[in-house]
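One structure below.
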Amino acid sequence: MININEILLVGQTGKDSKLTEYTPKGKPAFKALRFSVATNNVWYDAQGQKHENADWTNVVQNFNQDRNGNYPPTCEMLWNALTRGARVLVQGRLTQRQYKQDGIDMNFTEVQTNAIGGKIVLLDKNDQPMEMTRDNVAPSSGTEIPRNNEQPQYRESNPIVDVSDMEVIPH
């Protein structure tokens, strides 16, 4: 019997992405890129009146260090590109985490793009894949990791970030 857990979203980011570095005790450090995606639902009632609402989905992509302690270049490129209102296609695995807040059990659902077959694709206004280059990926603001005064170095890259070979790090 086959089990499939795959989700595909096309929408807009709700706010600037956040990049946070974690150093779990006894495990290698990693960075988590988090952002939310809004997908619109449009329908018409019996009177022909148009209705619209948005569903919000949280997305996370973890980046591991290489043997030299460096993160992949796509880490900062996506962090800079995923600003409020950016069009994006996200494919990943739907996951649910539980935690306690003020003694109350809380559930949190998100899409992990680290899963096999996961990807993040930046889209232009016509929903065509966008090439990430130094010219069209500008630094964002309001992030959790402070930047140096220097501009990050970007290299030309395929807009599809293939994360199938990255190790999935549980939260």
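Observations
- Search result, residues across the range 23-45 that are open to solvent by 90 Å² or more (accessible area, probe 1.4 Å) and in contact with a His (Cβ under 8 Å, 6 or more places away or on another chain): W43, Y44
- Single residue of the range 1-43 satisfying the filter (assigned to a loop (DSSP other than H, G, I, E, B) and under 19 Å from the mean Cα position of the chain (by Cα)) that is nearest to D127 (Cα to Cα): G14
- Residue match in the range 67-86 (condition: surrounded by 18 or more Cβ atoms within 10 Å (Cβ to Cβ), in a loop (DSSP other than H, G, I, E, B) and β-branched (V, I, T)): yes
The values are calculated or read from the model by the stated rules, or taken from the named source; none is laboratory data. Predicted, not measured: the structure shown is a model, and the values here were computed from it. Methodologically, a virtual Cβ is constructed for each residue, glycine included, from the backbone with ideal geometry; neighbour enumeration extends over all protein chains shown. The area values use the complete protein model at the heavy-atom level, side chains included, leaving out ligands, DNA and RNA. Shrake-Rupley method; radii C 1.70, N 1.55, O 1.52, S 1.80 Å.
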